[in-house]
1. Of the cross-linked pairs Lys168/Lys226; Lys42/Lys124; Lys81/Lys333, which ones have a Cα-Cα span greater than 27 Å in the structure shown?
2. Charges only on Cβ, +1 for Lys and Arg, -1 for Asp and Glu: so what's the dipole of the chain about the Cα centre, in debye to the nearest 20?
3. Quick one: putting +1 on the C-beta of Lys and Arg, -1 on the C-beta of Asp and Glu, what dipole do you get for the range 276-368 around its Cα centre, in Debye to the nearest 20?
4. Between their Cα atoms, which of Lys17/Lys205; Lys13/Lys302; Lys13/Lys263; Lys242/Lys302; Lys242/Lys277 are more than 28 Å away from each other?
5. Among Leu214, Asn237, Val310, which residue has its Cα positioned farthest towards the positive end of the charge dipole of the chain, with +1 placed on the Cβ of Lys and Arg, -1 on the Cβ of Asp and Glu, and the dipole taken about the Cα centre?
6. Rounded to the nearest 5, what % of DSSP beta bridges with both residues in the chain are antiparallel?
7. Relative to the present Cα-Cα distance, how much length would full extension add between Ser182 and Leu119 at 0.36 nm per residue of separation?
8. Order these peptides, 97-106, 46-55, 66-75, 189-198, by their mean beta-carbon neighbour count within 10 angstrom, highest first.
Amino acid sequence: MARLTEQQRYKLKHFIKAIENFRGRHTELVTVYIPAGYEITKIIGHLVQEQGTASNIKSSTTRNNVINALERMVQHLRLFKQTPPHGLAVFSGNVAEREGQQDYKVWSIEPPVPLNTRLYRCDKQFQLDLLRDMLDVKEAYGLVVMDRREADIALLKGKTIVSLTSAKSNVPGKTRAGGQSSVRFSRLREDAAKEFYGKIGMMMKDQFLFMEGLKGIIVGGPGPTKYEFVDGDFITNEVKKKIIAIKDLSYTGEFGLQELVDKSQDVLAQEELADEKKIMNRFFELLATKPRMASYGLEEVKKNVLLGVVDTLLLSETLDENIIDELEQEAEKMGTTVKLISQDTREGAQLRDIGKIAAILRYEVEQQ
């Protein structure tokens, strides 16, 4: 699962911005999410049924708004021969500014990340949280939760945990069968545990070795088992190098994955800040050694963006949102990478102090 391109982020961000401020007088704005691989004809059938249900709404204005919004959505969906590969998010409603007027609109977008949620909702506003979560998605982190009984492997993508695979072990319980010596039984348990560790290591290799955009792997579990696993020879070296933290947990399974994410917020925050520091340090190094490959300040950077000579655009999160939007739009046209920089590091604070805008250029440019 690769990270979003700047173009994908820009398109999604501006789609959300275009419809997020519309408000219905009552629960009359319709949101539909169609998962990847789900038959669009089934959704159309469901919406037709909802039109029948909406005929029971007491308020004539709300009733008409919901029925008409559904009808326009059905007409829109019939333009699609099948659900797009990543699914489809569709929004419909009367967005007239004044009560009593009619201005029915329909919007749809194929998300950059496959949808796995089916949703139908009428509300006073469009439901956009699933799309907003995709904007938060940068890189992914591998999650491994395990003990001697079971293992779960997942991805943390933005705020969403995506399960990848799981396995149960054949390690015998602590109670040995009659006639077995304690030494032999203990050896059987250890052999079965090592076999299970090897299986988990192969699962990690299959999932993570060649994954694009993988920032790191976090391993967790109850007791010392996770350390036996990580310190042993069960994980391919290239995968082991990607492990950035090991966390003590109380649970395994689904609860364990959530607990691992909760207990790894410190690691995840540091990783994100480390990326920011790295790109900012590169800018300041160029400014000192090759000043014609770096620029800063709104006018100078904007000129270079419009000329298409900016490789990476660095924008402080403290910058006015309208300026960010304008520069992102121009950068998208030129294939320029955009990085939003927090002020939580010394380098981020320096960017804020030199005008909140900087750029690493594609080649040396004579500065005005």
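No lab work stands behind these numbers, since they all come straight from the coordinates. Predicted model, so just to flag it, every value in this text is computed and none were measured. A quick note on method: Cβ atoms are made from the backbone with ideal geometry, for glycine too, and the neighbour counts reach across all protein chains shown.
1. Check vs 27 Å cut-off fails for Lys81/Lys333.
2. I would put it at about 1120 debye.
3. 440 debye
4. Lys17/Lys205; Lys13/Lys263; Lys242/Lys302
5. The residue sitting most towards the positive pole is Asn237.
6. Of the beta bridges lying entirely in the chain, close to 70 percent run antiparallel.
7. 17.2 nm
8. 66-75, 189-198, 46-55, 97-106
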